[in-house]
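For reference, the structure is listed below as structure tokens.
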Amino acid sequence: MRLLVIGGTRFLGRHLVAQALQAGHRVTLLNRGRANPGLFPQADHCIADRNGDLSVLGDDERWDAAIDNCAYLPRQVHALAARLAGRVGQYQMVSSISVYAAFRPGMAEDAALATIDDPDTETVDGRTYGALKALCEQAAEAGFPGRCLQPRPALIVGPHDPTERFTWWVRRFARAEPGGEVLAPGRPDAPVQFIDVRDAAAWLLRQAEAGTTGAFNLTGPDPAGTMGGLIDALRTTLGPTVRPVWVDEDFLRAAGVEPWSDLPVWLGRDEEASHRLDASRARATGLRCRPWAETIADTAAWAATAAASPSTPPGLAPAREAELLARWRAP
Ligand SMILES: NC(=O)c1ccc[n+]([C@@H]2O[C@H](COP(=O)([O-])OP(=O)(O)OC[C@H]3O[C@@H](n4cnc5c(N)ncnc54)[C@H](OP(=O)(O)O)[C@@H]3O)[C@@H](O)[C@H]2O)c1
């Protein structure tokens, strides 16, 4: 198969390209050459900013599938479609579960999508990201009619994750003292979903090979996981003697602790429905999710060699966590 990957050198794209090359596919990469230059010498490289001149993609080359891993604005999809018109088989626009207008437990792909007042905005942030991705999905269908796959991943985790969300938990348990305590937020039975980046990449590649079309929630595990299951998998894999201390959500909120940003992965009860999506369509088309223990062990091995990359990484600082635990215990 001839595969074009737009944005294939950092996290999801990097794993996708590695697996595609491993499977013997011929891969062309389009990116700016900033993230990990020198990666994948065996691929064909087109160095360009997708927001500018795309003549680097030539006029004659054809691809069986194009996987667009870094589209955030509909005009980016329109520009790519104009450049590639008639030259790709399947087009994958990697979307997100953030496309949904609201979440309810067990939600499938037919739920209502988010909308935006200003569809031409160039500001991609927490308020606009999901609705702009929904517009990217529409732009994909307009530009590559009947040939689009719109994978909607939930939280993606694993080696090379630049966001330090799931990785924060891995680092937290990896540095815990034997017998020490770790703050565990909310309820052990609160739902948790995420997908190992390598499982997401394998599914994308499989759908490129099959030419699948349509929208798919992309997350694991099967059956759905819980915060207690995650904490237990972290403890078992990284610190069997560590003692989790479950701290009530109301106490944490009153202390100014924010779910997701202060304690990554965890969502408070008002938002936890987004950790309970129906991914049965993806499973029926081959999605397989590895055990959490494997994701944790591999992320820990990678994290031990990689510094936390965001300038303001998420997660509680050690002193703040200790102070919260002391206050939680205080009579
Ligand atoms: N991470 C998650 O938890 C999550 C969850 C749901 C959905 N998603 C979606 O999954 C996709 C992959 O996310 P990711 O974080 O894993 O991305 P990634 O693979 O790290 O992708 C970044 C890639 O895009 C390239 N790139 C960025 N801007 C570019 C531009 N203007 N022109 C050309 N290439 C450009 C980068 O290379 P250069 O910098 O060298 O150009 C790099 O190769 C995204 O569409 C995201 O919205 C992610």
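Cut-off is 10 Å between beta-carbons; in what order do 49, 278 appear when sorted fewest neighbours first?
Working: 49 13, 278 16.
Placing the least packed residue first, the sequence is 49, 278.
Nothing charged except the Cβ atoms of Lys and Arg (+1) and of Asp and Glu (-1): what's the magnitude of the dipole of the stretch 2-153 about its Cα centre? Round to the nearest 20 debye.
Approximately 480 debye in magnitude.
In whole Å and largest first, what semi-axes does the C-alpha gyration tensor of the stretch 1-148 yield when each eigenvalue is scaled by 5 and square-rooted?
Whole-Å semi-axes of the equivalent ellipsoid: 27, 17, 15.
Could you point to the residue in 73, 43, 142 farthest towards the positive end of the stretch 2-153's charge dipole, with +1 and -1 charges on the Cβ of Lys/Arg and Asp/Glu respectively?
Final value for the positive-end residue is 43.
Just the number, please: percent antiparallel of the DSSP beta bridges in the chain, rounded to the nearest 5.
So the antiparallel bridges amount to about 10 percent of the total.
Please arrange 165, 269 by counting, for each residue, the other beta carbons lying within 10 Å of its beta carbon, fewest first.
Placing the least packed residue first, the sequence is 269, 165.
Answer with one residue from 236, 154, 259: the one whose Cα lies farthest towards the positive end of the charge dipole of the chain, charges on Cβ with Lys, Arg +1 and Asp, Glu -1.
The listed residue farthest towards the positive side: 236.
Let me spell out the model: positive unit charges on the Cβ of Lys and Arg, negative unit charges on the Cβ of Asp and Glu, origin at the Cα centre of the chain. What dipole size does that give, in debye rounded to 20?
Its charge dipole is roughly 660 debye.
Where the only charges are on Cβ atoms (+1 Lys, Arg; -1 Asp, Glu), what is the dipole of the stretch 198-331 about its Cα centre, to the nearest 20 debye?
300
Averaging over every viewing direction, what projected area does the convex hull of the Cα atoms of the chain cover, in nm²?
The number I arrive at for the chain is 17.0 nm².
Considering the dipole of the chain built from charges on the beta carbon (Lys and Arg +1, Asp and Glu -1) around the Cα centre, which of 22, 326, 173 is farthest to its positive end?
22
A short reminder: the numbers here are calculations on the coordinates, not readings from a lab. Just so it is clear, the model here is predicted, and its values are computed rather than measured. Backbone-built Cβ (ideal geometry, glycine too); neighbour counts: all protein chains shown.
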